[in-house]
1. Looking at region 160-181, can you tell me whether even one residue there is closer than 23 Å to Gly102 by Cβ and touching a helix residue (DSSP H, G or I) at 6+ places or on another chain (Cβ under 6 Å)?
2. Test Leu143 against the criterion of being surrounded by 16 or more Cβ atoms within 10 Å (Cβ to Cβ) and closer than 22 Å to Gly86 by Cβ, and give yes or no.
3. Taking Ile169 as meeting all but one of (1) β-branched (Val, Ile, Thr); (2) closer than 30 Å to His23 by Cα; (3) out of contact with any strand residue (DSSP E or B) (no Cβ under 7 Å at 6 or more places or on another chain); (4) surrounded by 10 or more Cβ atoms within 10 Å (Cβ to Cβ), write down the number of the exception.
4. For Arg204, state whether it is basic (Lys, Arg), over 30 Å from Pro154 (Cβ atoms) and at pLDDT 90 or above.
5. Can you name the residue in region 162-203 that is outside any helix (DSSP H, G or I) and not polar (S, T, N, Q) and, of all such residues, is nearest to the chain's Cα centre (by Cα)?
6. Kindly indicate whether Arg199 is assigned by TED's automatic domain parsing to the domain that holds Phe92, under 20 Å from Leu103 (Cβ atoms) and basic (Lys, Arg).
7. Return the residues of region 71-83 that are closer than 14 Å to Val41 by Cβ and surrounded by 18 or more Cβ atoms within 10 Å (Cβ to Cβ); say none if nothing qualifies.
8. Which of the residues belonging to region 1-35 are over 15 Å from Ser175 (Cβ atoms), surrounded by 14 or more Cβ atoms within 10 Å (Cβ to Cβ) and not hydrophobic (A, V, I, L, M, F, W, C)?
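The values are calculated or read from the model by the stated rules, or taken from the named source; none is laboratory data. Just so you know, these numbers come straight off a predicted model, no measurement behind them. Methodologically, a virtual Cβ is constructed for each residue, glycine included, from the backbone with ideal geometry; neighbour enumeration extends over all protein chains shown.
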Amino acid sequence: MTGAVLRLLLAIAYPLLAHWASHDGGGWPAAIALIDLALIVQIEALLHLRLGAWLLFAAILAGLAAIAHTIYPQLLLLTPPVLFTGALSWWFARSLRAPREGLITRIVAALDTCTPSQLPADVYRYSRQLTAIWAWLLGGLALANAALAMIAVPGGVLARLGQTPPIAISQDQWSLFANLLNYGIVGGFFIGEYQFRKRVFQDRPYRNFWDFLRRMGGLGPSFWRSLFD
């Protein structure tokens, strides 16, 4: 539980650190944000004192310290919004290929304590359509993050390569979208879809939004880990 709480706190801190680093424009703030990201990935292994994890983390610290006075930490900071949303989009899309079941379908079946094949036909169909919508939404965000990272000035890819973008945005504008607004879009869609679903499917097993979140959390860490296997 300690690892999960620490990971949650680190995940909450990351977009704020990344936005601060982008606004500052320096290598050390960017390195701090990237260290936070490394901790999010490795926290469980580090807490369990696994030697390999500590050696890898030490190598990451040494590498970031070595390049902190260069442009590279800021360039590396451009990549997480693209890679994270892109990977999630791929996971959602991949789950729709037979013989797999859609990610949303598996979640709905777990909430209903049944198998995906036992879901009502309309619920099953909707859950697959929703899985596809999430894949498209996250894929669109990944492409938008990548495009804005190319044209941001002065720290975007084209500007760093000495090229003048045909259309430019400020570094702060890129960071506001990639490091903050992305989460608002995802959270807004999550809440909006719940409200729509509540009207269309009025016989769901949860009483309200908070009961829905409680039941989601109650599925347990092992379920969420297996979901992306």
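1. Checked region 160-181: no residue is closer than 23 Å to Gly102 by Cβ and touching a helix residue (DSSP H, G or I) at 6+ places or on another chain (Cβ under 6 Å).
2. It is false that Leu143 is surrounded by 16 or more Cβ atoms within 10 Å (Cβ to Cβ) and closer than 22 Å to Gly86 by Cβ.
3. Checking Ile169 against (1) β-branched (Val, Ile, Thr); (2) closer than 30 Å to His23 by Cα; (3) out of contact with any strand residue (DSSP E or B) (no Cβ under 7 Å at 6 or more places or on another chain); (4) surrounded by 10 or more Cβ atoms within 10 Å (Cβ to Cβ), the one that fails is (3).
4. No; evaluated as a whole, the condition is false for this residue.
5. My answer is Ile169.
6. No.
7. Pro80
8. Those that are over 15 Å from Ser175 (Cβ atoms), surrounded by 14 or more Cβ atoms within 10 Å (Cβ to Cβ) and not hydrophobic (A, V, I, L, M, F, W, C): Gly3, Arg7, Gly27.
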